[in-house]
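This report refers to the structure that appears directly beneath it.
The values are calculated or read from the model by the stated rules, or taken from the named source; none is laboratory data. All values derive from a computational prediction rather than experimental measurement. In this analysis, Cβ positions are derived from the backbone assuming ideal geometry, glycine residues included, and neighbour counts consider all displayed protein chains.
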Amino acid sequence: MAYNNNGYNVEFLCDVDEKYRCIVCGNVLCYPLQFKTCGHRTCSGCLKEVLRSKSNPKCPIDGVNISIENVEEDEAIHQKILTFEVCCQRHLEGCNWTGLLNDLEKHLKKCQFEIIDCPKGCKEMIERQNIEKHISTNCSKREILCEFCKCSTHYDQLKSHWNACQMYLVSCPNSDECGKIARIDFDRHIRKDCKFKPIFCPFADEGCTYKGKVHDMEKHLEKDHLQHMIIFRDQIANQERIIQKQDEIIHQQENLLQDVLQRNEHSFTYYITEYSKQFNLARKCREHSVIYSDPFTVGKYGYKLSLVIFPNGNGIGKNKYLSVYLQLMRSEYDDILAWPFHCKVTIELIDQNINFDDRKNITFSLIPDKKRKQAAFMKPKNDTFTYFGSSMLASHKQLKARHYILNDTIYLKVVVKPTGDIGV
């Protein structure tokens, strides 16, 4: 700046008369003000210092009282000063410009020796004539190309860019002999290509702790084969202990299953709707003479059974009785159950009387004799089943006498109660 309202801080080419100088700062007047009482002059900026220096300000030259009311601008002196010749403020740095004080500011805006801020924002102050060189070579905000990926970035961001650049060359941690590797290829190199990566012994899962480079592995396998055999032996022994423990657990679970089944009876209820239609079909057509219920199991892991129902009777009950049987079916748990089947079985035809106390259910019960080993109670081996039950559970006359048929529906209930060991 050529001035700051406290006098011009420039070098004039001619001697300047004292009347053009400020009585406070001694510099050539900048925007001069004149005291009406005594005629002395001061810069507009210096007047503030005079007025606030004392409670009763006076002229520094003759002591005349001064107030803001008796001060006026001296435009004539100001215009005269602007015609004085000066040299550039940067003349010591080499600028040869001279001219009127009035033109100094205009010159400074293009003076090649003037110190200005870097336009890239790096916060350095540079002579205007050196700006282009600074931007191209020294500016921390200059644009440069990454030598690896050829992307543009600022010079001061280059290291941060390299930390993420996928083409940046990195070293293999296994050996310097691998040379430099682009970051984008690093993972593949470590996983597949590196000849120096350490690998585990093929018998690591069996307990060998050796870890070495690929070309050393053959030596290890040849040298430590006896150790590997010992590891195998220990592993086999350990597996045998695990199998033994698992067998003990299975045995405990089987015992638990046996205890549960022995303590509880299990029931299954099945109903037939449109019974009159089913009965008539059974009388007229042999193919429709039998009805099979959905399978059910004795508990969660027990025997699997199904009801076999002949509405028009079967065997000695043909045409006169309702015949109801049970058949044993193949189950995924058959191998842990006791055979022959020897649970107590009760088949019950439900009286649907609305008054529960007046009901007279018809029941049939049996306990298989496991010593006889009848086919119906043996472990099923194929899909051809034999069945057991009652050929004369209820006569047709009985069915009509009470409420065994209600809303053309009958209900059958099966209760299975273990009588002894049913597990292996």
Practice task
Would you please list the contacts, defined by Cβ atoms under 7 Å and residues six or more apart or on different chains, that run from a residue in segment 304-317 that is in a loop (DSSP other than H, G, I, E, B) and of a type outside the set (Phe, Trp, Tyr) to a residue that is modelled with pLDDT of 95 or more and surrounded by 22 or more Cβ atoms within 10 Å (Cβ to Cβ)?
Solution key: PRO311/LEU322; GLY313/TYR321; GLY313/LEU322; GLY313/SER323; ASN314/SER323
Fill in the blank from the handout: Within segment 365-392, residues within 14 Å of VAL345 (Cα to Cα) and modelled with pLDDT of 85 or more come out as SER365, LEU366, ILE367, PRO368, ALA376, PHE377, TYR387, PHE388, GLY389, SER390
Exercise for the section: Test LYS213 against the criterion of being outside the structural domain of HIS91 (by TED's automatic domain parsing), in contact (Cβ under 8 Å) with a residue 24 or more places away in the chain, touching a Ser or Thr at 6+ places or on another chain (Cβ under 9 Å) and charged (D, E, K, R), and give yes or no. Expected result: yes
Handout entry: Given (1) surrounded by 11 or more Cβ atoms within 10 Å (Cβ to Cβ); (2) touching a strand residue (DSSP E or B) at 6+ places or on another chain (Cβ under 9 Å); (3) touching a residue at least 24 places away in the same chain (Cβ under 8 Å), number of the condition SER365 does not satisfy
Key = (3)
Fill in the blank from the handout: A careful count of residues in segment 168-210 that are out of contact with any helix residue (DSSP H, G or I) (no Cβ under 7 Å at 6 or more places or on another chain), farther than 30 Å from LYS150 by Cα and touching a residue at least 24 places away in the same chain (Cβ under 8 Å) gives 1
Exercise for the section: For ILE199, state whether it is closer than 30 Å to GLN239 by Cβ and within 31 Å of the chain's Cα centre (by Cα). Expected result: yes
Completion exercise
Within segment 60-73, the residues that are in contact with a strand residue (DSSP E or B) (Cβ under 7 Å, 6 or more places away or on another chain) and more than 11 Å from LYS36 (Cβ to Cβ) are ASN65, GLU73
Exercise for the section: Determine, yes or no, whether ASN130 is modelled with pLDDT under 90 and either on the phi < 0 side of the Ramachandran plot or not in a helix (DSSP H, G or I) (or both). Expected result: no
